Amino acid sequence: MDTKEKLSKIRLEPHEKTASNSGFQLSRRTLLGLGVAVALILVIVIILTLAGGDEEIAATAPTATQPDATGQAPRLPTGGSTGTLAAGGYVEARRTALVWPGREGIVAKLHVIRGQQVKEGDLLLELDARTATAAVAMASAELDQARARLLRLRQGARAEELAAAGSELEEAEAQYADAKAELERLLSLGESELVPAAEVEAARYRADAAAARVETLRSNEQLLQVGTHPAEIAAGEADVARKEAALQQAEVNLDLTRLRAPFDGRVIAIELEPGEVVSLFDVGSGIEIADESEFWVRVDVPEDRLEGLELGDPAEVYAQAIGADPLAARVVEIAPKADRQSNTVEVSVAIIDPPPILRPDMSARVNITKSGGSE
């Protein structure tokens with residue numbers, strides 16, 4: 001049997017192809033029907049389960065129509081209006097401050113180290129103050145001069161000054177008389193042409209100068225006798241006021257070279273080194289002080305747990321650093337604004353008697369007992 005005859009025997013006839021395809025389609029429909037049936041059974045089971053759970057909750061939860069042992073209907077739960085709130089947070093010092101020089105300069109000396117306890121007003125660091133010190137000295141000297149001038153104006157002329165002015169005036173009058181007589185002599189000789197005209201003009205110039213000097217000295221003597229004019233005293237007082245303001249400004253600039261502690265606390269960070277150049281806007285470079293007289297823990301409370309929470313509610317703080325014993329605390333702050341991202345409100349509790357081992361940024365767990373809410 002050749003190859004063509006073999007192929008002709010295994011070829012399907014048209015009616016055989018139809019029967020085979022029909023069998024395949026029947027199997028696919030059967031599987032689809034089974035899948036739909038299984039899905040319907042699962043949906044029915046889930047519905048029955050949920051219905052049974054609701055019936056169980058309805059049978060056990062109190063309702064307004066089910067009286068309790070006292071014969072009154074109990075109040076439905078309000079999402080945690082009473083009870084205890086538990087949340088985690090971190091220990092924080094109630095007050096912290098980052099202080100920096102706030103001016104151009106070079107750090108000359110540090111007076112504290114990290115961890116050191118300081119008092120309000122203690123010196124923390126000094127900038128190079130040579131320029132500021134010189135400015136204070138100059139302003140002080142100028143103020144002393146202005147005050148001396150004002151004192152002299154207020155006191156007026158002394159007796160010896162009046163006497164000296166009178167003697168000087170008499171001498172000037174005598175010199176003027178001699179110059180005038182010499183001029184008259186030369187003028188008489190000039191008419192007979194015995195004296196040159198230039199010599200006559202020179203004598204005239206000396207006589208005029210002597211007369212002017214007499215008038216000036218006479219005016220000065222009169223001023224000394226009358227006393228200082230009020231306008232001069234007012235000008236002297238204004239000059240003193242300007243010099244005082246200049247000295248105060250120079251002293252402020254000098255004080256800015258000395259950084260002091262704003263309150264009692266502990267130095268928790270130092271971001272400056274001797275020799276470092278600082279500027280007016282270099283806020284990050286400074287010394288951080290923490291007031292450890294009071295520690296807070298801030299926690300985020302869900303909005304639906306706020307009801308019944310009031311300022312002054314008692315709390316307990318658990319910190320790993322002190323072991324299992326709780327620290328007594330109380331609610332001191334409830335934020336006036338919620339966080340829209342987390343739907344929480346920040347609540348702060350203050351530790352009543354913090355132990356010395358407690359430090360900022362330690363982790364802590366807080367339990368708050370709510371005293372308010374509906375009864």
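Worth a mention:
- Within region 93-119, tally of residues that are part of a strand (DSSP E or B) and among the small types (Gly, Ala, Ser): 4
- Check on Ala141, assigned to a helix (DSSP H, G or I), among the small types (Gly, Ala, Ser), buried (at least 16 other Cβ atoms within 10 Å of the Cβ) and at pLDDT 90 or above: no
- Subset of region 215-253 that is of a type in the set (A, V, I, L, M, F, W, C) and at pLDDT below 90 - its residue that is farthest from Ser285 (Cα to Cα): Leu217
- Looking only at region 97-124, and only at residues there that are surrounded by 16 or more Cβ atoms within 10 Å (Cβ to Cβ) and within 19 Å of the chain's Cα centre (by Cα), the one that is nearest to Ala321 (Cα to Cα): Leu124
- Hits in region 271-316 - residues which are without any contact (Cβ under 8 Å) to a residue 60 or more places away in the chain and under 21 Å from Val91 (Cβ atoms): Leu311, Gly312, Asp313, Pro314, Ala315, Glu316
- Scanning region 276-294 for residues that are at pLDDT 90 or above and within 12 Å of Leu110 (Cβ to Cβ) yields a single hit, Ile287.
- A single entry from Arg340, Arg298 fulfils the requirement of being more than 30 Å from Val107 (Cβ to Cβ), in contact with a Gly (Cβ under 6 Å, 6 or more places away or on another chain) and in the same structural domain as Gly88 (by TED's automatic domain parsing): Arg298.
- Scanning region 130-147 for residues that are in contact (Cβ under 8 Å) with a residue 24 or more places away in the chain and of a type in the set (A, V, I, L, M, F, W, C), we see that the one that is nearest to Ala108 (Cα to Cα) is Ala132.
- Checking Glu333, Glu307, Glu316 one by one, the residue that is farther than 22 Å from Thr96 by Cα, of a type in the set (D, E, K, R) and not in a loop (DSSP other than H, G, I, E, B) is Glu316 and no other.
- Given (1) farther than 21 Å from Trp100 by Cβ; (2) surrounded by fewer than 17 Cβ atoms within 10 Å (Cβ to Cβ), index of the condition Val277 fails: (1)
- Checking each residue in region 317-363 for being among the polar types (S, T, N, Q) and surrounded by fewer than 16 Cβ atoms within 10 Å (Cβ to Cβ) picks out Gln320, Gln341, Ser342, Asn343, Ser363.
- A count restricted to region 275-304 and to residues that are assigned to a strand (DSSP E or B) and either over 25 Å from Glu126 (Cβ atoms) or aliphatic (A, V, I, L, M) (or both) stands at 16.
The values are calculated or read from the model by the stated rules, or taken from the named source; none is laboratory data. Model, not experiment: these values are computed from the prediction. With ideal geometry, Cβ positions are generated from the backbone for all residues, glycine too; neighbour counts draw on all protein chains shown.
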